[in-house]
1. Test each condition in (1) at pLDDT 90 or above; (2) surrounded by 11 or more Cβ atoms within 10 Å (Cβ to Cβ) for Ile88 and report the one that comes out false.
2. Is it true that Val48 is surrounded by fewer than 13 Cβ atoms within 10 Å (Cβ to Cβ), in contact with a Ser or Thr (Cβ under 8 Å, 6 or more places away or on another chain), closer than 22 Å to Val106 by Cα and among the aliphatic types (A, V, I, L, M)?
3. Anything in region 22-45 that is surrounded by 11 or more Cβ atoms within 10 Å (Cβ to Cβ) and assigned to a helix (DSSP H, G or I)? List them, or say none.
4. Do any residues in region 58-87 that are assigned to a loop (DSSP other than H, G, I, E, B) have Cβ atoms under 8 Å from those of residues that are surrounded by fewer than 17 Cβ atoms within 10 Å (Cβ to Cβ), where the two are at least six apart or on different chains, and which pairs are they?
5. So which residues in region 11-44 are modelled with pLDDT of 70 or more and of a type in the set (Val, Ile, Thr)?
6. Tally time: how many residues in region 52-62 are modelled with pLDDT of 75 or more and more than 18 Å from Leu36 (Cβ to Cβ)?
Amino acid sequence: MPATKSTPKNEVSAANAAEAACPRNTILQADALKALAELPGGCVDLTVFSPPYDGIRDYGKNWSLDYRTLGSEIFRATTDGGVCAVVIGDGTKDFAKSLTTFRWAVDWVDRVGWRLFECCIYQRHGNPGAWWTQRNS
């Protein structure tokens, strides 16, 4: 007769509690810092987000994004080998990019512990920015 391993009741309830705290195959739509604070460490395989682009939109008075804490909390919640993909664009002023995205990447690598795998720069279809057509005029 094959042997089976039974799990004690207290281990089952602990496993159920861990599953409830870190749901799998779920999209979380919430205030990122509040939702991340509720997750146990090392339970998220993939984070994909697109934060506000360099103050291009007004999200209300006194609204701000604490990107440093966000990077730390995502790192804490991410599994070993997990990935965080950020879709963001830099603002343009006086025909120059702000480099905000590069500042984020360097800060998260140097201060938080992330490792930068790839930085993808692409041109989107539509209106890539009126400044580009006048760049070399």
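1. (1)
2. no
3. Answer for region 22-45, where residues must be surrounded by 11 or more Cβ atoms within 10 Å (Cβ to Cβ) and assigned to a helix (DSSP H, G or I): Ala32, Leu33, Ala35, Leu36, Ala37, Glu38.
4. Tyr59/Pro52; Leu65/Pro51; Leu65/Pro52; Asp66/Leu33; Val87/Val48; Val87/Phe49; Val87/Ser50
5. Within region 11-44, Thr26, Ile27, Val44 qualify.
6. Adding up the residues that qualify gives 1.
The values are calculated or read from the model by the stated rules, or taken from the named source; none is laboratory data. In this text the structure is predicted, and so the values were computed from the model without any measurement. A quick note on method: Cβ atoms are made from the backbone with ideal geometry, for glycine too, and the neighbour counts reach across all protein chains shown.
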